[in-house]
Every structure is written in structure tokens, then in C-alpha cells.
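This report concerns only the one structure given below.
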There are 2 protein chains.
Amino acid sequence: MQPTGQQLIGQQTVAAHGAPIQAIDPATGERLEPIYAGGSAAEVERACQLAEEAYATYRETSLEARAALLEAIAAEIEALGEPLIERAMAETGLPRTRLESERGRTCGQLRLFASVVRAGEWLDVRIDPALPERQPMPRVDLRQRHVALGPVAVFGASNFPLAFSVSGGDSASALAAGCPVVVKAHSAHPGTSELVGRAVQQAVADCDLPEGVFSVLFGSGNEIGQTLVADSRIQAVGFTGSRAGGLALMQTAQARPQPIPVYAEMSSINPVFLLPEALAARGREIAEGFVGSLNMGAGQFCTNPGLVIGVKGEALDAFLTTAGEAVQASAAQTMLTPGIHAAYQDGVGALASHPRVREVARGQEGEGPHPCQTALFAASATDFLASEALQAEVFGAASLVIECADLAEMRAVAEALEGQLTATLQLDDGDLDAARALLPVLERRAGRVLANGWPTGVEVCHAMVHGGPFPATSDARSTSVGSAAIRRFLRPVCYQALPAGLLPEALRDGNPQGVTRLVDGRRES
Amino acid sequence: MQPTGQQLIGQQTVAAHGAPIQAIDPATGERLEPIYAGGSAAEVERACQLAEEAYATYRETSLEARAALLEAIAAEIEALGEPLIERAMAETGLPRTRLESERGRTCGQLRLFASVVRAGEWLDVRIDPALPERQPMPRVDLRQRHVALGPVAVFGASNFPLAFSVSGGDSASALAAGCPVVVKAHSAHPGTSELVGRAVQQAVADCDLPEGVFSVLFGSGNEIGQTLVADSRIQAVGFTGSRAGGLALMQTAQARPQPIPVYAEMSSINPVFLLPEALAARGREIAEGFVGSLNMGAGQFCTNPGLVIGVKGEALDAFLTTAGEAVQASAAQTMLTPGIHAAYQDGVGALASHPRVREVARGQEGEGPHPCQTALFAASATDFLASEALQAEVFGAASLVIECADLAEMRAVAEALEGQLTATLQLDDGDLDAARALLPVLERRAGRVLANGWPTGVEVCHAMVHGGPFPATSDARSTSVGSAAIRRFLRPVCYQALPAGLLPEALRDGNPQGVTRLVDGRRES
């Protein structure tokens, strides 16, 4: 299967007529065929109308039918085989092993959500039976379940062309919740998006589901995305991207006659705290681990360690020396797009020219048109605390080491941080008291707190939180990775004294779906 | 204990110097002592600073300690005894029996949340143990719990001076979640608010908790409320009141450097659908039940049945006749405030003068200064569908009956409705098909769907949903009544590979708190 350059609206492929989009191979600068004619309001209208129609039945599909769709999508993506990997490599500059592993994660998370749908905990069934004899007032029968919010708009991310794009985590969790999905594909990898979109189309058809369950729109600029979020039929938004992009969608969603939730994963610098004992005992090992994490995927991870905080002294100097050497030895990797490369150059340039920042080391320059030259900087905590600009995310393999006078100043740095996806502690046994003092500060500012690991590498599981206080995300009450992500697209409904024949199956006497229920406040599994 | 007219900030009573507030007995028009000097930015600053300080420890109190606080508050409110009821009667015009029952509900919901805190399901503990042998990559230990969002601003409601005011549902659920609370008292019942606030102060002191766990501010106009919501330390808002008030708070919350969630319960007209068989068989009984619900609390309930939809014909005419007679016989009840009375008069006047609306009946005029004269109107479905104004909530005992040509038009009316707290079906066995067709339409528009009951009377239990799509609330993903309300004030945090000594107690091996946990995707209770 070759990409054709068309919009995927329900089961149709549609030629649009808007401004053209063409992927660029960032490793060569070469333009890749085909050209996608961008969609417009007409395509948004058609996709949303179909999604609305599909919502009526898709949200009430059986647990089994919905799980089967998710599994069929995974199988269809795998069946795309080598052409998908090759196209994704060409469009992103990411290496084969990374993309194969990302495909594994993408299909794995679809199957995880299939198991979550079948288990039915997400329904959160609660039954308070009637108490006709209660004094002074009887209680009527009350039953609660969760239902799908409605059609969801998903924005593909540039940095995960499979795992957080057309059929990535947002789409998988929305489909699991019973929400039709309209994807706005990222313009950096339209071919990859189309191939995956066609796999989903095939799965929807094979599962005999209404076609509007899934559409993929292509369009340059912000217009099509804003039109999509403003559409009255869209009931929630999933987005992974820049802070400016996320804020713009939040504003549009709030300005609608009916405001809707936006789950935007935006910016995070993922502070790493080097506690003194660990730094003294294992500084070299930590420095090498750090640079490995920093360089992963050319630093183009939301959880890239962009800030390192330590107490100044010999151990931190040694850390800087080792890390600097590792940075100098770092090969330049191709960045995802010319735009991301340009922004990285700007960000690194701003740090390099900041009067209170010193350059520790730069990596190899690289040869392709869009290489990420790793960069490591340092500044004092005093200067960091005085300059908000030093908290700005530089998307790519750049990091800033903050030198504190003592643990009290380290804590002050922690307290000055904006919301983060992650916060990491490098600690040994002798650091436990220092860690205990920092933990509540970090817990308040991050969705995930790690010890002795690196924030890159996000496990897709039940306990994961890929989220965090603003501006890491627009809504700290949720996660975009892991099984709890399904909750973002649900709302509770209570049914009072409904005749048995009208009750949704999950709420019927005898528990025909076999799901866990809270009955009169007691858990029945 | 007599109210003193002071702000309650932590354990202090503070004399403020802003514009005065004085309660009015709506039954007599008499001004009630004392005068409250309104608070200003200085009082907001002090309350928020104390709340922030209290958050550090209060959010990590043991389940038992937090439950004990909620129970102590209930006991202290009960200990206020007769003076609380008398003050509330004087400030609201509500009758003794209603206020005694509301006090029972208020204390009952505090005790319900104590049981919810102890049960610990709200922690949503998830543990994915390390898999060091997993190929191709090992998995590290990942554990998730929910933590309190931070200090919460609660706005007291005019229509529930106890159950949704200073220590009502919003405060109880926020305190249960581990969030300190700063209440902006409703200016209609400052004395009641102060008495209850002092009861909470006493409970906080008796439980040896940090004083900033709870404060009550008084202030006229919107300024103090807006200042509170804009304060960087406030992390969520609970509000019950008008649509304009809720929208203003949403706007302030979104415009902050860090936007925060607002749970505003705003406006709902609570449609009641009279299905044909039920109407033919039990029209008289339904009409009497309807007018009983309409008049309850002078119609000043969020769930008051403000819209009734039936198919025109003899049975609906008979319903209108019976309902009209019951309305004519309705005694006028005193409304809560002069402002609410004036707004009711305006709303009824607008319906009465609407060219496409006919008046069915008016109740007795009443004698006090602020009587609610019950009012029943009728209009055709065609006219209802053509006029958005007919969906505007009239807060008080006024309702509009919509006459449809047939069931298809009844469905069209349902589809035209904005978001609602409730939707009610009056149905008999022969109506099941018609009900089945309406149910998905109503479920999408309401948080609670009832059969053969009336929406007034909201049970505080586990399965209740008092919420619904915009504009019924600002956030359909939650409920403000019932045990699930605790979720509004929580966010998930993941702990990766933390040493045992740093793990929060709820996440430790051996499950020392004895809470239900999802371990590697399997539920352990």
C-alpha cells in the first residue's frame, strides 16, 4: 500500500483542495511524494457529522465488540509491515530500531486498552438499591455508570509518529471509552498517518462498525485544527505538542458556546536532582546515564532531562567533566523537521548567549541538513532563580545544569519550578533525608517522580502517569499514557428507578457483564 | 453562640473593613444584626497563605485523622443546636422542617465522606511491579496513587444554606480529598455561615490540625470571589449559583497564569417527559406530583421541574387542568432573597408577556415582601423550538408545558435541549418503546435520568450524579453530590522505583492501609 495524498473520512478517501502539504525527509531535505491537498471546513464538517452519527451506536457497543476493534487495529497496523517503517523513517529521520519498537508500543497499547475495556472497571458501576422502608424518607433505586463523552478530536504528535499519532495513545483511549475519533494528522508525517489511518479504516470495516468511528484529516497551518476543536459535535480534545499550540486549542475550546475539555500535553524540562551521596559515590555513572537519556531520540522526548540540579563542589565538577566529555562524543542525530531543528538552534543560541549561562560542552556537529548537536550548559541557582527564561523548554538534546550553594538552595530551585511531567532523584541511602524533604515539593509539581532512573522511556501500564500540573499539561487530573487514560473521555450518568427493560446492560440485576460494582458502598468484584 | 460579623481566617476572627453586608429576613424585610464588614485582598491573602501552609501536612494526614475531622465537623454543627436553625430560618425564609432536614443531610454527607476516606478507594492505588527479566527491556517498579490538588475555593450557595454552603458538599468532598478550603460565604446568610464556620474552626482545633485547613471569608459583590479564584495558591473551585456567576469564575480561572479546574453548578430546567400511556392512565396523579415538586422550597432547587413535555390531546389537556388547579391552590412561599424574588418576577413576567406563551395558572399571591407566586405556562413545541429564550431558567416555582404534535416532535424538543442536571420520564409499560427512543438523547444531555419520580430530592449516596453537560455545570465529568464528588479534587501521581522508605504509606508493600489495589492489572481488595 502506498500513500495517496487523500483525506480519510469514514470509509471514504476524499481529495481536498486546500493548501498543499508535503513531507520532507529531514535526513536529506528531499521532498516526499505524494503532495496532500489540505482539508478545509467541508472535510471537518463531513468527518464530524459521521462521527456524531457513529457515536449513537458505537458508544453502546458491547465490551467485546469494542475490544475486538482495538485488537483488529493493532493487527492491521502490524500487517502494514515494512512499508510503514520505511515511510516513517523517511518522514521523521528516526532510526529503524526506534520505529519498530514504537510500533510494538503502539500495538501493545491498543491491546492493553482492549483488556481494559473487557475488564469493565472504567464503567465504575455503582448501585444504591431502593430502601422503601427507610425513615423518614424511602430511598429510590439509583445506579451509575460512565458513558463516552462524544466525538473526540486527536492531534497527532510530531515526535511519536506511531505511538502518539493517528492510532496512538489518545485515539486508543478515546476509542476504548466509546468515543469516535477525528484525527488531525501531523503535517510532518502525512504518509505514515495515511498508512495507519487506512489500517484503522480497514479494522472499522472488518468489525462492521459505523464508518464515522474514525477519520483522518490533513491540513497545513492551524486553521483546520481550530475548526475541528470549534465544531459543536466534538466533545473533547487530545493534543501533544508545543505550549503555544496547546494554549491556542485551550482558548478555542473555552470560547465555544459549550466549552469542552482539552487534554494538552505541552512542555516539561523534567528536572533531575543529584543528591550529594549519590553524586559523590556514582557521579561518573550518573553522568553517563544522563547523557544517554539526553541524547535519546535526539532529545525529542517530552520527558527529556532538560534540567539537572546539584550542590556545587568537587563531585558536581567531576560530574560536569564526565558529562561534558560524553556530550562532546555525542554523534549528531537528525531532528524530526526543519522547524524543530530551527527552534532547537534558536533555543540553544539563547542559552549560549545568556550572560549568566556558561557552555559546558557541545556534541558533534553532524552532516545532514537538520542535525541535533547536543549541548550542555551550566548556571548558578541564584541566576536560575532570577531568570524565568532559563525554565523555557528547548526541545532537543540540550540541558542545563544548576549549581546550588547547598540543599536549601536546591529546594528553592525545586519550589521555583513550573509543572512538569517528571522529576527525578539520583540518591543513595545517605540521601534519604534530603530526598524526603524534596519529595512533597516534587510531587506537587510533577505527574511522575523517579528514583535512580531516567525520565525518558515511558512504560505503558496501569500505574503510569504521563501528565502533570500546568504547563506540563492542561489538566493535571489525568494521564495520556497508560490504562487510566480512558477516564479522560468518560462522564458519569445516574439512572433513577428505571424499569429493568430500560437499564443499560452494565447496570442490570445479576451483573450480566460480570464487572466490578460498588453496591451500597461495598465493593463486589 | 451569636454571630459576631467577623471573618474566620484559620483559628482567628478578623474584623475587616470593606463594604458592609447585612442579611435581610426575606419574610419580613427586616435587617438582621450583625453587620459584616466585607473582606478584601488582605483577607484573601491571609486565608490563602494559611491554606497553602496547611496543605503541606493536611494532605498527608492518615485516613483515620481525616475521617475524624469530617465526623467532628458534623458533631460540632449538630452541637450548634437551635440557634443555627433559628438564624437560618431568619436569613432564608425557609421553614424549620426543611432546615432541620437539611442539617441532617449536611451532617450525613460529612459522615458519608468520612466512610469514603477510610475505605480508601479514592486513592486508586495501582502497582505494576518490576519485571527485571522482561525482554527486550526490563520493567521498573511503578506505583500510582491520587493526591489532593491543593487549596480549594468554595462558594456558598444561596439555596442550601447548610448542605451547599460553608460546610456543604463541596467543602466536605474537598476536605475528604485532603484539600484545605477557603469558603466565600454567600451574602444572603452570613450569620448561618459564621455559625457553621465556627463549628468547623472548633473541629479543626480539636483535631489538632493546622489552622489553615479552613477559613470563611465574607464580602459583597464579586471582587473578593474573583480575587480568591485568581490567587495562585488556589488549585480548584467549587461553585453553585447562577450561570453568569459560574461563567465569570470560569473565565477568571482560565485567565490565570496557571489555569485551574472550576466545578460550577449553574442552570438547569430539568425537563419532564409525559409519555402517552402514563399520561392517559395517571394524568391526575402525575399532575399533582408535578406541582408538589414544582413548589418544593418555593421552586428554589437546581433540580426544579421547569419544563414539561407532552403530546397534545385530551390527556394533556386534562393534565393541564389538574395541574392548573393545583397551581391556583398553591400558597405563596417566601423566597430566599429580595434579589432572587425580583429575578423570579422578571422571569415570570417575560414568560407572561411572550407572544407565543399562554398562561395556564397562577398560584396565590401571598402577603410577605418576597412571595413566590407559583406560575404555570404552556407553549407549542414549534414555538419552543423557535425561541431559545424559552429555555432560560426561571429560578423559582415556574414551569412551562410544551405541547408536541407527536412523539417525533417530543424527540425534537429533547434534541434541542441544552445540558441538564436531570431528565425525567413519566412512563407506563406501554411507553417503553417511546422511552427507549428518548433515553440516549436524554442521557447525552443530563447527569441523571429518572423514571416515574420527580427530580427534586437529591439522594446523597454513591450512585448519585448531580452534574451534567454545560450549561448545567462547567464540567460534566464530575458530580457535586454523592461520594464520587471527592474525585474532583484529586490528581494521580506515579512513583517510579522509589526506595521503600520514601514511598507513601498507601503504596507500600504489604498494603498497610488495607486499601483496594490494582496490582499488575488485577484487582485486589
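The values are calculated or read from the model by the stated rules, or taken from the named source; none is laboratory data. As the structure is a computational prediction, the values presented were derived from the model and not from experiment. Using ideal geometry, Cβ is built from the backbone for each residue, glycine included, and neighbour counts are taken over all protein chains shown.
Of note:
- Among the residues of segment B:452-488, those that are farther than 29 Å from B:D428 by Cβ, touching a strand residue (DSSP E or B) at 6+ places or on another chain (Cβ under 7 Å) and more than 9 Å from every other protein chain (Cβ to nearest Cβ) comprise B:T473, B:S480.
- Residue in segment A:268-280 that is closer than 22 Å to A:D475 by Cα, of a type in the set (S, T, Y) and modelled with pLDDT under 95 present: no
- The condition (being without any contact (Cβ under 8 Å) to a residue 40 or more places away in the chain, part of a helix (DSSP H, G or I) and over 23 Å from A:P210 (Cβ atoms)) is satisfied by just one residue among A:E91, A:E78, A:E33: A:E78.
- Single unsatisfied condition, B:S101 versus (1) closer than 30 Å to B:V515 by Cα; (2) within 11 Å of another protein chain (Cβ to nearest Cβ): (1)
- Failed criterion for B:A315 (all others in (1) crowded, with 23+ Cβ neighbours inside 10 Å; (2) touching a Pro at 6+ places or on another chain (Cβ under 8 Å); (3) closer than 22 Å to B:P276 by Cβ hold): (1)
- For segment B:142-154, the criterion of a residue being within 17 Å of the chain's Cα centre (by Cα) and of a type in the set (G, A, S) is satisfied by at least one position.
- Scanning segment B:489-511 for residues that are touching a His at 6+ places or on another chain (Cβ under 8 Å) and either more than 7 Å from chain A (Cβ to nearest Cβ) or of a type in the set (A, V, I, L, M, F, W, C) (or both) yields B:L490, B:V493.
- Cβ-Cβ distances below 6 Å connect the following pairs, each with a first residue in segment A:435-456 that is more than 23 Å from B:S232 (Cβ to Cβ), a second residue that is polar (S, T, N, Q) and outside any strand (DSSP E or B), and a separation of six or more residues or different chains: A:W454/A:S293; A:P455/A:N270; A:P455/A:T303; A:T456/A:S293; A:T456/A:T303.
- Pair list, Cβ under 6 Å, 6 or more apart: segment B:1-28 residue within 22 Å of B:A51 (Cβ to Cβ), other residue surrounded by 14 or more Cβ atoms within 10 Å (Cβ to Cβ) and among the basic types (K, R): B:I9/B:R46
- In the set (1) more than 11 Å from every other protein chain (Cβ to nearest Cβ); (2) exposed (fewer than 14 other Cβ atoms within 10 Å of the Cβ); (3) within 27 Å of B:F160 (Cβ to Cβ), B:P132 fails one condition alone, (3).
- Subset of segment B:202-221 [within 23 Å of the chain's Cα centre (by Cα) and crowded, with 24+ Cβ neighbours inside 10 Å]: B:V213, B:F214, B:S215, B:V216, B:L217, B:F218, B:G219
- Test: residue in segment B:135-147 that is more than 12 Å from every other protein chain (Cβ to nearest Cβ) and at pLDDT 95 or above: no
- Matching entry among A:E100, A:E52, A:E82 (being surrounded by fewer than 19 Cβ atoms within 10 Å (Cβ to Cβ), touching a Pro at 6+ places or on another chain (Cβ under 8 Å) and either among the charged types (D, E, K, R) or more than 25 Å from A:G457 (Cα to Cα) (or both)): A:E52
- Of all residues making up segment A:40-49, the number that are more than 25 Å from the chain's Cα centre (by Cα) and crowded, with 19+ Cβ neighbours inside 10 Å: 2
- Here A:A255 fits the description: surrounded by fewer than 17 Cβ atoms within 10 Å (Cβ to Cβ) and among the hydrophobic types (A, V, I, L, M, F, W, C).
- All told, B:R436 meets the bar of being farther than 15 Å from B:P471 by Cα, out of contact with any Leu (no Cβ under 6 Å at 6 or more places or on another chain) and of a type in the set (K, R).
- Out of B:F273, B:F239, B:F214, one residue alone is out of contact with any Leu (no Cβ under 7 Å at 6 or more places or on another chain) and aromatic (F, W, Y). It is B:F214.
- Enumeration of residues in segment A:415-436 that are over 12 Å from B:G501 (Cα atoms), among the small types (G, A, S) and either in contact with a strand residue (DSSP E or B) (Cβ under 6 Å, 6 or more places away or on another chain) or crowded, with 24+ Cβ neighbours inside 10 Å (or both): A:A423
- Residue check for B:M296: at pLDDT 95 or above, crowded, with 22+ Cβ neighbours inside 10 Å and either within 22 Å of B:R448 (Cβ to Cβ) or under 29 Å from the mean Cα position of the chain (by Cα) (or both): no
- Screening the candidates A:E60, A:E45 for the property of being farther than 21 Å from A:G169 by Cβ and in a loop (DSSP other than H, G, I, E, B) yields one hit, A:E60.
- Odd one out for A:T322, checked against (1) within 30 Å of A:R198 (Cα to Cα); (2) touching an Asp or Glu at 6+ places or on another chain (Cβ under 9 Å); (3) outside the structural domain of A:A185 (by TED's automatic domain parsing): (1)
- Identification of helices (runs of 4 or more DSSP H) wholly contained in segment A:337-450 with 2 or more residues that are of a type in the set (S, T, N, Q) and away from every other protein chain (no Cβ under 14 Å) yields A:338-353.
- Selection from segment A:117-129 of residues that are of a type in the set (A, V, I, L, M, F, W, C), in contact with a helix residue (DSSP H, G or I) (Cβ under 8 Å, 6 or more places away or on another chain) and within 8 Å of another protein chain (Cβ to nearest Cβ): A:I127
- Members of segment A:437-470 found to be closer than 24 Å to B:L518 by Cα and among the charged types (D, E, K, R), listed by number: A:E443, A:R444, A:R448, A:E459
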